[in-house]
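The values are calculated or read from the model by the stated rules, or taken from the named source; none is laboratory data. All of these numbers come straight from a predicted model, not from anything done at the bench. All Cβ positions, even for glycine, are placed from backbone atoms using ideal geometry, and neighbour counts span all protein chains on display.
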Amino acid sequence: MPRKLKPVLAEIIETIDGVMAATDGKSLDDFKADWLLRLATQRALEIISEASRHLPDDLIASEPDIPWKQIRGIGNILRHEYHRIADDIIWAAVVNSLSPLRGAALRLLDRVAD
């Protein structure tokens, strides 16, 4: 059964907000040195990835600047190839991708009915 879209989008936004709060004022070196922050961030990206899979393709098509395929795919990489994950790639996703994704999720939230 498909999930309701508003709670899915709210989950994405809440998770992004949590990562942004936890990483605010931190550098890549801080991130690399903090085992718990690294694991929490990776888990948050898994949650965002999984939630994004519940968004219909026609809805996400309205936000073409967001790399939805990569967002949906990173969860599998984090779950199954975690030993190959480079901290700088995760950090780049945090610094460069979460804010635009948050904006897109907020816009989508305004568009959905449920």
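Kindly indicate whether L59 is crowded, with 17+ Cβ neighbours inside 10 Å and either of a type in the set (A, V, I, L, M, F, W, C) or within 20 Å of L37 (Cα to Cα) (or both).
Working: crowded, with 17+ Cβ neighbours inside 10 Å: no; either of a type in the set (A, V, I, L, M, F, W, C) or within 20 Å of L37 (Cα to Cα) (or both): yes.
Against the criterion (crowded, with 17+ Cβ neighbours inside 10 Å and either of a type in the set (A, V, I, L, M, F, W, C) or within 20 Å of L37 (Cα to Cα) (or both)), L59 does not qualify.
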Tally, over the stretch 57-103, of residues that are of a type in the set (A, V, I, L, M, F, W, C), over 12 Å from the mean Cα position of the chain (by Cα) and farther than 17 Å from A44 by Cα: 3
All conditions in (1) free of Cβ contacts under 8 Å to residues at least 60 places away in the same chain; (2) surrounded by 17 or more Cβ atoms within 10 Å (Cβ to Cβ) are true of L98 except (1)
Residue check, S97 closer than 30 Å to P2 by Cα, in a helix (DSSP H, G or I) and at pLDDT 95 or above: yes
Please go through the stretch 66-94 and give me each residue that is surrounded by 13 or more Cβ atoms within 10 Å (Cβ to Cβ), among the hydrophobic types (A, V, I, L, M, F, W, C) and assigned to a helix (DSSP H, G or I), ordered by number. W68, I71, I74, I77, L78, I90, W91, A93, V94
Only residues that are in contact with a helix residue (DSSP H, G or I) (Cβ under 8 Å, 6 or more places away or on another chain) and assigned to a helix (DSSP H, G or I): list them for the stretch 105-114, please. A105, L106, L108, L109, R111
Identify, from the list R53, R43, the residue that is farther than 17 Å from I90 by Cβ, surrounded by 12 or more Cβ atoms within 10 Å (Cβ to Cβ), of a type in the set (K, R) and within 15 Å of the chain's Cα centre (by Cα). R53
Of all residues being surrounded by fewer than 19 Cβ atoms within 10 Å (Cβ to Cβ) and among the aliphatic types (A, V, I, L, M) in the stretch 1-12, which is farthest from the chain's Cα centre (by Cα)? Just the residue, please. M1
